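Single-structure report; data block below.
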C-alpha cells in the first residue's frame, strides 16, 4: 500500500510499499520510525486522493480514522493512494469555544471573467477588472513554455488558444486555474456544486495559503469567512493556512448547501433560453451552436415551475 502523509506544519512525505494487510498499529509504528512522532500523538485523519473522489461521494472533508490497533487499514476504509493527515494532539484543558464566524459565497460579476474576479478578490484586487491582466498572464505563460503547453495539451493550436483566452467572452477553466495557482503561489480548491466533487490546483507545491472557489456549472464565485452574513466585505477572510483542515470542512458546507438548494446548472441537460430571440435549447452545446450562427450572446436557464 502507498500513502501520502501531510503534517500540521504543511510538509508532507510518502510511504511506499507497505503490506496490504498492515494494521493501524503497524502504520503507527512505521510512522514513528520515519517521523519520531510517538503513536499516542498520531491523531490522524484520512482523505482520498483526487482520482478516488468519485467513489467516496464528495471525498471531503477528511474523515477521522477510528478502530482497534489490530484492525487492518483496509477494514477501516483506508485504501492505497489515500492521503493521511497528521495533526497535533488536541488540548485537554477543556472544550474550545465554537467559532461564531460564517463561511459564505461572495458573488462575482457574471461577465465571462467570473473566475478571474474570484481569484482577484481573494488576492485583494477587488471583484472587477481582473480579466484583462490575468488573460495576458495566461497567454504569456503558455507562449513561454511551448513544450508543456502544446497543441495536444491545450486541445487546439497554441496561437488559437491564446487568441481565444484573450477574448473577453471566453471563460477560464482548468488550464487557467493551474497557471494562476502556480503564478500566485496559492492552492485553489474548487467545489463543483453540480457533481459535489472537489478539484485542487497547486496541491503539493509547497504553498502556504489556499482559497476556496464555488463552481455551479456556468459560474465561479468565491467562498470567504466573515464575522456574520451582514458584515462588511472589508472584513472578509479569503485566504487560509494550508494546514488548517477545519476551514476545508466549513467551506465545503457552502457547496453542500448550494447543491441541496439546486443552485447549479447541469450544462449537458439544462434548458436554456436565448434572451435575444426567446429560442429555447437543451444543453450548452445547442446554445453555443445558436450563438455561433446568430451572434446572440445573452442566455438564461429555464427552470421548472414546480417546487423541488
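Evaluating residue 122 against the criteria (1) under 27 Å from residue 215 (Cβ atoms); (2) modelled with pLDDT under 80 leaves one unmet condition, (2). Confirm whether residue 109 is more than 30 Å from residue 258 (Cα to Cα) and either in contact with a helix residue (DSSP H, G or I) (Cβ under 9 Å, 6 or more places away or on another chain) or in contact (Cβ under 8 Å) with a residue 24 or more places away in the chain (or both). When the stated conditions are applied, residue 109 does not pass them.
Before we move on, is residue 186 under 30 Å from residue 261 (Cα atoms) and surrounded by 13 or more Cβ atoms within 10 Å (Cβ to Cβ)? Full working, then the answer.
Numbers: under 30 Å from residue 261 (Cα atoms): yes; surrounded by 13 or more Cβ atoms within 10 Å (Cβ to Cβ): yes.
Judged against the criteria, residue 186 is a match.
The single condition from (1) free of Cβ contacts under 8 Å to residues at least 40 places away in the same chain; (2) crowded, with 18+ Cβ neighbours inside 10 Å that residue 158 fails is (2).
Can you name the residue in region 82-109 that is at pLDDT 60 or above and part of a loop (DSSP other than H, G, I, E, B) and, of all such residues, is surrounded by the fewest Cβ atoms within 10 Å (Cβ to Cβ)? Break it down stepwise before answering.
Start the filter on region 82-109 by keeping residues that are at pLDDT 60 or above, which leaves 82-86, 99-109.
Still in the running and part of a loop (DSSP other than H, G, I, E, B): 82, 99-101, 107-109.
Working: 82: 22, 99: 10, 100: 7, 101: 15, 107: 14, 108: 24, 109: 14.
Ranking the candidates gives 100 first.
Against the conditions (1) closer than 13 Å to residue 101 by Cα; (2) buried (at least 20 other Cβ atoms within 10 Å of the Cβ), residue 198 satisfies every one except (1). Within region 143-165, is there a residue that is at pLDDT below 90, over 26 Å from residue 203 (Cα atoms) and not assigned by TED's automatic domain parsing to the domain that holds residue 18? Taking every residue of region 143-165 in turn, none turns out to be at pLDDT below 90, over 26 Å from residue 203 (Cα atoms) and not assigned by TED's automatic domain parsing to the domain that holds residue 18.
Working carefully through the options 203, 225, find the one that is in contact with a strand residue (DSSP E or B) (Cβ under 8 Å, 6 or more places away or on another chain), assigned to a strand (DSSP E or B) and crowded, with 18+ Cβ neighbours inside 10 Å. Going through 203, 225 in turn, the sole match is 225.
Entry remark, region 119-138: residues being out of contact with any strand residue (DSSP E or B) (no Cβ under 8 Å at 6 or more places or on another chain), surrounded by 19 or more Cβ atoms within 10 Å (Cβ to Cβ) and part of a helix (DSSP H, G or I) number 5 in total. Within region 182-189, does at least one residue satisfy the condition of being in the same structural domain as residue 242 (by TED's automatic domain parsing), closer than 21 Å to residue 245 by Cβ and not in a strand (DSSP E or B)? Checking region 182-189: at least one residue is in the same structural domain as residue 242 (by TED's automatic domain parsing), closer than 21 Å to residue 245 by Cβ and not in a strand (DSSP E or B). Evaluating residue 37 against the criteria (1) assigned to a loop (DSSP other than H, G, I, E, B); (2) surrounded by 11 or more Cβ atoms within 10 Å (Cβ to Cβ); (3) modelled with pLDDT of 60 or more leaves one unmet condition, (3).
For region 166-181, filtering for residues that are loosely packed, with under 14 Cβ neighbours inside 10 Å and either at pLDDT 95 or above or in a helix (DSSP H, G or I) (or both) leaves 1.
Condition check: modelled with pLDDT under 85 and in a helix (DSSP H, G or I). Does residue 287 satisfy that? Before you say what the answer is, go through the steps one by one.
Working: modelled with pLDDT under 85: yes; in a helix (DSSP H, G or I): yes.
Against the criterion (modelled with pLDDT under 85 and in a helix (DSSP H, G or I)), residue 287 qualifies.
Assess whether residue 198 counts as being modelled with pLDDT under 90 and closer than 21 Å to residue 104 by Cβ.
Numbers: modelled with pLDDT under 90: yes; closer than 21 Å to residue 104 by Cβ: yes.
When the stated conditions are applied, residue 198 passes them.
The values are calculated or read from the model by the stated rules, or taken from the named source; none is laboratory data. Because the structure is a prediction, the values reported are computed rather than measured. Positions of Cβ are generated from backbone atoms using ideal geometry, with glycine treated the same way; all protein chains shown enter the neighbour counts.
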